Amino acid sequence: MHGTLARANVLGRNVMKNFIRNGSHGGVPGENLPFDMSNRYKLTALFMVYVGSGLAAPFLITRHQLLKK
């Protein structure tokens, strides 16, 4: 019985290695990204929102802390 379990364990490791190395095999660039790259204007607007909020956050937090009573 130990030999059967050992073979199953090795098989499972090989499957996971292949899955991690090779991905989904879809062949579409950007298919695993959490956002859509087909609409360039929407992608640019989302990028600007993320960058703008990231750059503005320290200043807004500092202002909020200074205005606290």
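Every read-out reported here was derived from the displayed coordinates using simple, explicitly stated rules and does not represent laboratory data. As the structure is a computational prediction, the values presented were derived from the model and not from experiment. Using ideal geometry, Cβ is built from the backbone for each residue, glycine included, and neighbour counts are taken over all protein chains shown.
Given a Förster distance of 35 Å, report the FRET efficiency between Ser53 and Glu31 from their Cβ-Cβ distance, rounded to the nearest 0.05.
That gives a FRET efficiency of 0.85.
Output ³J(HN,Hα) for segment 57-64: one whole-Hz value per residue in order, computed from phi by the Karplus curve 6.51 cos²θ - 1.76 cosθ + 1.60 with θ = phi - 60°, and x for Gly and Pro.
Per-residue couplings from phi come out as 4, x, 5, 5, 5, 4, 4, 4 Hz.
What list of ³J(HN,Hα) couplings, whole Hz, do you get for segment 40-52 from phi and the Karplus terms 6.51, -1.76, 1.60, once you set θ to phi - 60° and write x for glycine and proline?
5, 5, 5, 4, 5, 5, 5, 4, 5, 5, 5, 5, x
Can you pull the three principal axis extents for the Cα set of segment 30-69, in Å, largest first?
Computed over segment 30-69, the largest-to-smallest principal extents equal 48, 19, 11 Å.
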